[in-house]
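The values are calculated or read from the model by the stated rules, or taken from the named source; none is laboratory data. Bear in mind that the values here come from a model prediction, so they are computed numbers and not experimental data. When we count neighbours, we look across all protein chains shown, and the Cβ atoms used for this are built from the backbone with ideal geometry, even at glycine. Protein only, heavy atoms only, side chains kept; ligands, DNA and RNA dropped before computing areas. Shrake-Rupley method; radii C 1.70, N 1.55, O 1.52, S 1.80 Å.
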Amino acid sequence: PKLREELDKQGLSDIKIAASDESYIDRATDNWKKTRHKIKDLVYRLNVHGYQGMDSRRDLFHDLAKQDGKKLWLSEYGDCGSWGNPMGCSGNYEKSNGMFMVEMMNADFV
C-alpha cells in the first residue's frame, strides 16, 4: 500500500504497479498465492522471468492471473545455462533460446 500511496501523493496516480518479477514461474505462482488480497488489488500486471524453461507450470500461473484479473508479462527468458554461447544449451536441448521461446509461445498462445 505504501508504494501506491507515495505514487499518488507525487501526482503519479496513472502509474501502474507490476509484481513480482520472479526468476522462476513456479516461484511466482507460489508467492502470488500467498499475497494478501489487499496487495493483489494494487497490482495491475504480473511480471515473471522464464528461466525455469519448459519445466515450469506456466498453465497454473496463467490461470491464477486470469482468476485475479491480472495481465501477464514474461520480462526475461532463458533456458540454456550458457549465455556466452546461446546455441550451447545444456541437457538434451539443441535449440537457441529464441527458438525455445517460440516453442513455448506456440504451446501457450496458439
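Selection over region 30-48 of residues that are in contact with a helix residue (DSSP H, G or I) (Cβ under 8 Å, 6 or more places away or on another chain) and under 19 Å from Met105 (Cβ atoms) gives a count of 2. Restricted to region 9-39, and to residues there that are farther than 26 Å from Tyr77 by Cβ and part of a loop (DSSP other than H, G, I, E, B), the residue that is least open to solvent (accessible area, probe 1.4 Å) is Gly11.
Under the condition of being among the polar types (S, T, N, Q), within 23 Å of the chain's Cα centre (by Cα) and modelled with pLDDT of 95 or more, the residues counted in region 1-37 number 3. Residues in region 50-108 that are farther than 30 Å from Ile39 by Cα, modelled with pLDDT of 65 or more and assigned to a loop (DSSP other than H, G, I, E, B): there are none.
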